[in-house]
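Notes follow once the structure below has been shown.
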Amino acid sequence: MRAAILVLLILGIVASAPAANAGLSTAPRDTTASVQPANLTDEATQETEDQLGLTRAKRRDVQRRLTSLGFDTRASGKFDEATRDAISRWQEQHGYPKTGFLNTAEHQALLSESAAAMEASRSEHRGRGRARRSHGIGGPIGVIGHVVGGILGR
């Protein structure tokens, strides 16, 4: 929730900046910097995913995050057909080209979305946890244990 508020605040600041005062930049630009052709395309490919440098642990993290968002896949650390399908469904839901591969922008969006969802889930569980806190074993076994404990002074 805090992340969503922060994003909305930043978007509000950016949107309220008067465009008329922007003017043209006279600062010299470095045009010698190399640009990776894969970074210029919107469509994710095996190449753009390889550039992310996802280790086995990071792939498992991506799989867990997809599952937490409702795109169930096994967290094996290997992007198999089921994972590619989950990525494609996530991409389709978010308006990205359905490729089954991730690029930097999509990876960051997935991390942000799942982090916000996990935080919301934690907040929801914290509220419920206070209402249902258990203080030991319940039912008949709990009663017997309390009686025996009372008799023995424990």
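Only the coordinates and a few stated rules stand behind these numbers; no lab work does. Keep in mind the model is a prediction, meaning the values are calculated, not measured. FYI the Cβ positions are ideal-geometry reconstructions off the backbone, even for glycines, and counts take in every protein chain you see.
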Per-residue ³J(HN,Hα) for the stretch 79-94, Karplus 6.51 cos²θ - 1.76 cosθ + 1.60, θ = phi - 60°, Hz, x for Gly and Pro: 7, 8, 4, 5, 5, 4, 5, 5, 4, 4, 5, 5, 4, 4, 5, 9
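So if I average 1/r over every pair of distinct C-alpha atoms in the stretch 42-125 and take the inverse, what Kirkwood radius in Å does that give?
Taking every pair of different Cα atoms in the stretch 42-125, averaging 1/r and inverting gives 12.8 Å.
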Neighbour-count ranking [beta-carbon atoms within 10 angstrom, fewest first] of Thr48, Thr67, Thr99: Thr67, Thr99, Thr48
Leu6, Leu152, Leu54 arranged by Cβ crowding within 10 Å, fewest neighbours leading: Leu152, Leu6, Leu54
Whole-Hz couplings from phi, Karplus 6.51/-1.76/1.60, listed for the stretch 69-77; x for Gly and Pro: 8, x, 9, 4, 7, 6, 8, 9, x
